[in-house]
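Below you'll find the structure, written out as structure tokens, and then a few comments.
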Amino acid sequence: MSFEAEWSSARAGAGANVSMRLNQVAPEPGGGGGAGKADLKIEDDHIGAIGSAAFTLHNRLQKDGDHARVATFDASLALTNHNFTSGSALLQVHDRWNSQLHVLVAACANISNHCDYTVTHHDHEERKLVTDINASKINEYLK
């Protein structure tokens with residue numbers, strides 16, 4: 001059998017063995033938003049709890065994450081001054097710890113601030129929508 005004949009036979013057989021084809025996502029449960037259904041719903045108290053936890057972690061990291069910095073730096077200098085090679089390694093640990101601590105503290109602050117902003121912004125938008133809807137109802141009666 002030639003290659004062309006074998007290839008034609010394989011293509012014909014492959015098309016015949018297809019049992020199901022999907023051209024859309026199933027509506028339940030993994031599909032996108034249905035008509036009138038909200039995809040995302042978060043209560044303000046959930047956002048507030050996350051923001052509060054991030055703020056608490058931020059404060060604790062600033063205080064507790066820095067308590068060994070001075071002792072570690074002093075130890076690395078003492079080891080280096082006495083010609084121990086572990087002094088420079090300890091200094092690298094010290095520097096890496098400080099940089100990672102600052103990144104983590106900043107991330108916690110960012111999460112806390114973003115949660116506060118989200119709650120405040122949502123409340124502002126909700127009040128604006130209610131005012132706009134009420135104003136449009138008044139305009140209907142004035143016409």
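Probe radius 1.4 Å, ligands and nucleic acids ignored: give me the carbon and sulfur share of the accessible area of region 57-143 as a rounded percent. Intermediate values should be presented prior to the final figure.
On the way: 4190 of 6930 Å².
For region 57-143, the apolar C and S fraction of the accessible surface comes to 60 percent.
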Where labels lie 7 Å past Cα in the beta-carbon direction, separation of ILE133 and ASN110 in nm: 3.5
Cleavage-rule hits, GluC sites (Glu not before Pro), region 75-143, DSSP coil, Cβ neighbours within 10 Å at most 16: none
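By how many nm would the segment from HIS124 to ASP44 lengthen if fully extended, with 0.36 nm per residue of separation less the alpha-carbon distance? Walk me through the intermediate numbers first.
Numbers: separation 80, 0.36 × 80 = 28.80 nm, distance 1.28 nm.
That pair, HIS124 and ASP44, stretches by 27.5 nm at full extension.
The values are calculated or read from the model by the stated rules, or taken from the named source; none is laboratory data. Treat the numbers as computed from the prediction; the structure is a model and nothing was measured. When we count neighbours, we look across all protein chains shown, and the Cβ atoms used for this are built from the backbone with ideal geometry, even at glycine. Each accessible area value is taken on the protein alone, full model and side chains, heavy atoms only, with ligands, DNA and RNA left out. Shrake-Rupley method; radii C 1.70, N 1.55, O 1.52, S 1.80 Å.
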